[in-house]
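What follows is a short report on a single structure.
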(Lines give C-alpha, C1' and ligand atoms only; values in the text may rest on other atoms or scores of the structure.)
Protein backbone atom coordinates (compact mmCIF):
# COMPACT_ATOMS: atom_id res chain seq x y z
CA UNK A 1 0.00 0.00 0.00
CA UNK A 2 1.22 3.47 -0.70
CA UNK A 3 -0.63 5.84 1.65
CA UNK A 4 -4.03 6.32 3.22
CA UNK A 5 -6.16 7.99 0.54
CA UNK A 6 -9.31 8.65 2.56
CA UNK A 7 -11.50 7.57 5.43
CA UNK A 8 -15.15 6.84 4.62
CA UNK A 9 -17.70 7.88 7.23
CA UNK A 10 -21.29 6.65 6.97
CA UNK A 11 -23.87 9.35 7.76
CA UNK A 12 -27.66 9.53 7.53
CA UNK A 13 -27.52 13.02 6.04
CA UNK A 14 -24.66 14.98 4.54
CA UNK A 15 -26.66 18.19 4.95
CA UNK A 16 -26.98 17.59 8.71
CA UNK A 17 -23.43 16.26 9.19
CA UNK A 18 -21.44 18.72 7.09
CA UNK A 19 -21.63 21.74 9.45
CA UNK A 20 -19.63 19.82 12.08
CA UNK A 21 -16.76 19.27 9.65
CA UNK A 22 -16.85 22.64 7.90
CA UNK A 23 -17.99 25.03 10.64
CA UNK A 24 -16.70 23.38 13.82
CA UNK A 25 -13.52 21.67 12.58
CA UNK A 26 -12.96 24.31 9.84
CA UNK A 27 -12.18 21.69 7.19
CA UNK A 28 -12.75 22.39 3.51
CA UNK A 29 -15.56 20.82 1.50
CA UNK A 30 -14.09 19.91 -1.89
CA UNK A 31 -17.23 18.69 -3.68
CA UNK A 32 -20.31 16.50 -3.45
CA UNK A 33 -20.88 13.65 -5.90
CA UNK A 34 -23.51 10.95 -6.45
CA UNK A 35 -22.49 7.40 -7.37
CA UNK A 36 -25.80 5.92 -8.45
CA UNK A 37 -24.36 2.43 -9.07
CA UNK A 38 -23.37 2.22 -5.39
CA UNK A 39 -26.43 4.02 -4.06
CA UNK A 40 -24.42 6.71 -2.32
CA UNK A 41 -23.96 10.46 -2.20
CA UNK A 42 -20.45 11.51 -1.14
CA UNK A 43 -19.08 14.74 0.29
CA UNK A 44 -15.31 15.00 -0.13
CA UNK A 45 -13.59 16.91 2.68
CA UNK A 46 -9.96 18.02 2.82
CA UNK A 47 -8.59 17.15 6.25
CA UNK A 48 -4.99 18.11 5.49
CA UNK A 49 -2.96 14.93 5.13
CA UNK A 50 -6.01 12.76 4.36
CA UNK A 51 -9.44 13.17 2.82
CA UNK A 52 -12.70 12.33 4.55
CA UNK A 53 -15.66 11.05 2.59
CA UNK A 54 -19.09 11.46 4.14
CA UNK A 55 -21.22 8.65 2.68
CA UNK A 56 -24.98 9.16 2.61
CA UNK A 57 -27.25 6.36 1.35
CA UNK A 58 -29.45 7.26 -1.62
CA UNK A 59 -31.97 4.52 -0.82
CA UNK A 60 -32.72 1.80 1.73
CA UNK A 61 -31.01 -0.92 -0.37
CA UNK A 62 -27.68 0.96 -0.44
CA UNK A 63 -24.77 -0.82 1.27
CA UNK A 64 -24.32 2.36 3.35
CA UNK A 65 -27.96 2.20 4.50
CA UNK A 66 -27.43 -1.42 5.53
CA UNK A 67 -24.23 -0.47 7.38
CA UNK A 68 -25.99 2.33 9.28
CA UNK A 69 -28.92 0.03 10.17
CA UNK A 70 -26.51 -2.57 11.59
CA UNK A 71 -23.80 -0.41 13.17
CA UNK A 72 -25.02 3.17 13.21
CA UNK A 73 -23.26 6.19 11.78
CA UNK A 74 -19.47 6.24 11.94
CA UNK A 75 -16.30 5.06 10.26
CA UNK A 76 -17.18 2.78 7.35
CA UNK A 77 -13.80 2.12 5.72
CA UNK A 78 -10.19 3.15 5.33
CA UNK A 79 -8.91 3.47 1.75
CA UNK A 80 -5.34 2.98 0.64
CA UNK A 81 -4.06 4.64 -2.52
CA UNK A 82 -2.48 2.08 -4.85
CA UNK A 83 -1.01 2.02 -8.34
CA UNK A 84 -1.97 -0.90 -10.54
CA UNK A 85 -5.01 -2.12 -8.65
CA UNK A 86 -5.35 -5.37 -10.63
CA UNK A 87 -1.79 -6.35 -9.69
CA UNK A 88 -2.34 -5.45 -6.01
CA UNK A 89 -5.52 -7.53 -5.92
CA UNK A 90 -3.71 -10.50 -7.44
CA UNK A 91 -0.77 -10.11 -5.04
CA UNK A 92 -3.07 -10.05 -2.01
CA UNK A 93 -5.15 -12.99 -3.29
CA UNK A 94 -1.93 -14.99 -3.61
CA UNK A 95 -1.35 -14.25 0.09
CA UNK A 96 -4.80 -15.65 0.90
CA UNK A 97 -6.74 -12.37 1.21
CA UNK A 98 -10.40 -12.48 0.15
CA UNK A 99 -12.14 -9.56 -1.54
CA UNK A 100 -15.80 -8.55 -1.53
CA UNK A 101 -15.63 -8.46 -5.33
CA UNK A 102 -12.96 -10.21 -7.41
CA UNK A 103 -12.72 -7.38 -9.93
CA UNK A 104 -12.19 -3.66 -9.37
CA UNK A 105 -15.16 -1.42 -10.08
CA UNK A 106 -15.60 2.27 -10.73
CA UNK A 107 -15.99 4.36 -7.60
CA UNK A 108 -16.25 8.03 -6.75
CA UNK A 109 -14.11 10.44 -8.69
CA UNK A 110 -13.60 7.86 -11.44
CA UNK A 111 -11.21 5.80 -9.31
CA UNK A 112 -11.01 2.03 -9.63
CA UNK A 113 -11.76 0.46 -6.25
CA UNK A 114 -11.82 -2.92 -4.55
CA UNK A 115 -12.75 -3.83 -0.97
CA UNK A 116 -10.95 -6.46 1.10
CA UNK A 117 -13.40 -8.63 2.99
CA UNK A 118 -13.53 -7.30 6.59
CA UNK A 119 -13.11 -10.81 8.02
CA UNK A 120 -9.57 -10.65 6.66
CA UNK A 121 -8.67 -7.56 8.71
CA UNK A 122 -10.15 -7.96 12.19
CA UNK A 123 -13.52 -6.56 11.12
CA UNK A 124 -12.15 -3.43 9.41
CA UNK A 125 -13.27 -2.73 5.85
CA UNK A 126 -10.27 -1.67 3.73
CA UNK A 127 -10.50 -0.30 0.21
CA UNK A 128 -7.86 -0.21 -2.49
CA UNK A 129 -8.21 2.97 -4.52
CA UNK A 130 -6.45 3.55 -7.86
CA UNK A 131 -7.04 7.07 -9.17
CA UNK A 132 -5.41 6.32 -12.50
CA UNK A 133 -8.51 4.37 -13.46
CA UNK A 134 -8.85 1.96 -16.35
CA UNK A 135 -9.92 4.74 -18.67
CA UNK A 136 -7.46 7.39 -17.54
CA UNK A 137 -9.70 8.86 -14.86
CA UNK A 138 -8.12 11.38 -12.56
CA UNK A 139 -8.32 11.85 -8.82
CA UNK A 140 -11.42 13.46 -7.32
CA UNK A 141 -9.40 16.38 -6.03
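The values are calculated or read from the model by the stated rules, or taken from the named source; none is laboratory data. Keep in mind the model is a prediction, meaning the values are calculated, not measured. Glycine also receives a Cβ, built like all others from the backbone with ideal geometry; neighbour counts cover every protein chain displayed.
The residues of the range 65-101 that are buried (at least 19 other Cβ atoms within 10 Å of the Cβ) and in contact with a helix residue (DSSP H, G or I) (Cβ under 8 Å, 6 or more places away or on another chain), listed by number, are 76, 82. Summed over the range 105-125, the residues that are touching a strand residue (DSSP E or B) at 6+ places or on another chain (Cβ under 7 Å), free of Cβ contacts under 8 Å to residues at least 40 places away in the same chain and part of a loop (DSSP other than H, G, I, E, B) give a count of 2. Taking the range 10-51 as the range and being in contact (Cβ under 8 Å) with a residue 24 or more places away in the chain, surrounded by fewer than 21 Cβ atoms within 10 Å (Cβ to Cβ) and closer than 28 Å to residue 86 by Cβ as the test, the residues that pass are 30, 31, 33, 34, 35, 37, 38, 39, 44, 50. If you go through the range 126-135 and pick out every residue that is closer than 17 Å to residue 52 by Cα and part of a loop (DSSP other than H, G, I, E, B), you end up with 1. On the given criteria, is residue 9 under 20 Å from residue 129 (Cβ atoms), part of a strand (DSSP E or B) and at pLDDT 95 or above? Taking the combined requirement at face value, the residue satisfies it.
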